[in-house]
1. Just the number, please: percent antiparallel of the DSSP beta bridges in the protein assembly as shown, rounded to the nearest 5.
2. In chain A, which helices (entire DSSP H runs) extend 15 Å or more along their own long axis, judged by Cα positions, while averaging at least -1.0 on the Kyte-Doolittle scale?
3. Would you pull out the residues with amide H under 5 Å of A:VAL475's amide H, same chain only if 5 or more places away, H placed 1.01 Å from N?
4. Under a cut-off of 17 Å between alpha-carbon atoms, report the lysines in cross-link reach of A:LYS167, not counting same-chain residues fewer than 8 places apart.
5. State log₁₀ I(q)/I(0) for region A:134-290 at q = 0.11, 0.18, 0.20, 0.21 Å⁻¹ as given by the Debye formula over alpha-carbon point scatterers of equal weight, solvent excluded.
6. Per-residue Cβ counts within 10 Å, from other chains only, averaged over A:227-233: what number is that?
7. Would you please give the residues with an amide H less than 5 Å from that of A:ALA414, counting only those at least 5 places away or on a separate chain, with H modeled from the backbone geometry?
8. Excluding same-chain residues fewer than 8 positions from B:LYS5, which lysines have a Cα within less than 26 Å of its Cα?
Amino acid sequence: MYAYDAIDRELVETRVAEFREQVARRVSGELTEEQFRPLRLMNGLYLQLHAYMLRVAVPYGVLSSAQMRKLAHIARRYDRGYGHFTTRQNIQYNWPKLEETPDILAELAEVEMHAIQTSGNCIRNTTADQFAGAAADEVDDPRIWSEIIRQWSTFHPEFSFLPRKFKIAVTGAQKDRAAIKVHDIGIVIVRNDAGELGFQMWAGGGQGRTPMIAKLIRGFVAERDLLSYLEAMLRVYNRHGRRDNKYKARIKILVHELGADEYARQVEAEWARIREGVLSLPQAEIDRIRAAFDEPPFERFEGDSRAFHGKRFEDRGFQRWVRSNVKPHKKPGYAIANISLKPVGGIPGDATADQMDAVADFADRWSFGEVRVAHEQNLVLPHVRQDDLYGLWLALGAVDLDTPNIGLLGDIIACPGLDYCSLANARSIPLSQALSERFGDLDRLHDIGEISLNISGCINACGHHHVGNIGILGVDKKGEEFYQITLGGRADEDAAVGRIVGRAFDAHETVDAVETIVETYVAQRRDGERFIDTLERTGPAPFKEALYGAD
Amino acid sequence: MALIKQGRVLQDRWQTAETATEALKPGAYFVSLELWQAERELLRGKTAIGITLPNDTDPEVLAPDLDRIAAVALRFPAFTDGRGFSQARTLREHLGFRGEIRAEGPLIPDQHQFLLRCGVDAVVVDDAADTGPWLAAARRYRSVYQPAADDRIPAYRGRHTAPQAIAS
Ligand code: HEM
Ligand code: SF4
């Protein structure tokens, strides 16, 4: 993992001291709330319906066990004993006290963490494939490049007051687990025909009220040119992105209005001027950061573990968990273990302090001290020996973290909704809990198979509803909470925005409607077909008919 | 108005002229871009002249005139409108402008270091403004992660250069 050097440490510690001063000026009344607002927002401190909310960055979703223990400690000492892992691989605390936030930031700095740029119209925490460095289908490790981007984007003097927030995602794998096509900039690490490493640059994806899939802007940017190309992309956006209307301010609107070709032309023109300058990355720095993500000392195994397969055969519960939660690792004899934060009837993404501590212990014992946060609001132990999976599974069960539903219908993504959020039209959490209960039968869940169900409490789409196979959006109908359903969204390499099926339902009807959708799929599916494949084959007609009757 | 420049608070000696005749009087004057473009031939002889650049205008329009003008004023209609940061860098880094670049508008002290890094060297503030936080913010962060108009060495280069080379 990357470890701070003196420069990284100085910057984060300076920020803590600065924020401490600002909070003191607010508490003494020297700053009004209006003056304090932009300052707190630069440190991830929001004011929500009932309290402040602090969003802490988990850079590209990577945590050490020591960092995870610190997150647990903060939940216990400064909050109500839990935290919420978000779709942006961050963690949010819902009940911090203003006076204590500088202490929280100081504690985070001790473990090389911060809340810098977790809100505001700046470049936010860069997200990446949660299987980085472990996935079997990886061209290169996206953590290296995400760390380079983290540093370049931190306190960027030119791009801290953009037209709107800016999100960058990186994947180094064939299969896109980082949803790069619904980000302002999506980066895919590739090799060109000459075998050189470089980047495919996408731009203009995003969700919110005008969901769009990113367009390819350049097929190949060499390693040393990553920062100069990004800087050109951002400069064109900063100068020409719309500032007259906040709903049209994201880069997706600029790329859409100019057209991807014209945007790319302007970026190329800007790039030509800066490409050969100081922005070109020295090989020594690429090497330094690459070395930080060197493989842990894996043991050598010839192939799959026989004992592991024996256990799968003996213990049905274990087998079920392995089927959904364990993914192939690049090294023989190892596996990637996903930890679901979606217990039946639970709140998606919430973890208690005790659970966080337990995960830190498991990481030390079984995964070289490494943990990842997935954008689906789950945790990952990236490097577990197959031989250890059974012990891990038993240990997870003891802290209620063994729900076998990764990628299945119970693995619901949901935003905080009306329970916390001042922008919400409707509650997301109780609906996701009701759906999770309805589909609580694990055998049935496994029979239904792979499907994504995403819920947002309003059109801002924090719960990624546009790209859920089944998307649920909270709407307000004359002061009552209703939910609109979309079908066919997906966030992978074939990203697509879901289409509305018909009139909205109330909360109760919504649960039944999802049941109807699932039954329709089960009746229509052919052997081995996932929900999304069936839907793409049949189109929405059978689903609409089942929901609303023939007309 | 007061001007924060090079770590000091000064009285601003610049005025704004609405017509060419006014701008040609003794003293230092800012004129609008339109006025400059309309009266370029008249105004080009004067040295203490500055142009106020609207924040949606590409600084390239000033390219032919930059060697004749002493200052450019960038307007920030709100502290959240960051277009001026890009304009300043373009003026310094691409167009090589060496005169004063001043920032005007409801900016906040916490932006001071960003402004300086982008090549803005003077900030206009109310006479009554508390300049303490502005001066403190200018020197707060000692290291930088990215290159900008101020020639500071970004971490990714400084880490691999001999310390003497960084200091010089
Ligand atoms: C509770 C306080 C929150 C507020 C006030 C808030 C506000 C917003 C707003 C206004 C947008 C729309 C931005 C736009 O379209 O330009 C947005 C988008 C988004 N938010 Fe949140 N959000 C909150 C919490 C969260 C949480 C908890 C998550 C993760 C679970 C999250 C993840 C996202 C994502 C992924 C998007 C969509 C990105 C896109 O537009 O492309 N937000 N949020
Ligand atoms: S989608 Fe809407 S309701 Fe949900 S967290 Fe975002 S802003 Fe709030």
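1. So the antiparallel bridges amount to about 65 percent of the total.
2. TM-like helix candidates: A:6-27, A:65-78, A:142-153, A:226-240, A:260-274, A:353-366, A:507-524.
3. A:PHE482, A:TYR483, A:GLN484
4. A:LYS181, A:LYS215, A:LYS246, A:LYS248, A:LYS252
5. Taking Cα atoms of region A:134-290 as identical point scatterers yields -0.41, -1.13, -1.39, -1.52.
6. 1
7. A:ILE455
8. B:LYS25, B:LYS46
The values are calculated or read from the model by the stated rules, or taken from the named source; none is laboratory data. Nothing here was measured: the structure is a model prediction, and the numbers come from that model. So basically every Cβ, Gly included, is an ideal-geometry build from the backbone, and we count neighbours across all protein chains shown. Heads up: the accessible areas ignore ligands, DNA and RNA and are worked out on the full protein's heavy atoms, side chains in. Shrake-Rupley method; radii C 1.70, N 1.55, O 1.52, S 1.80 Å.
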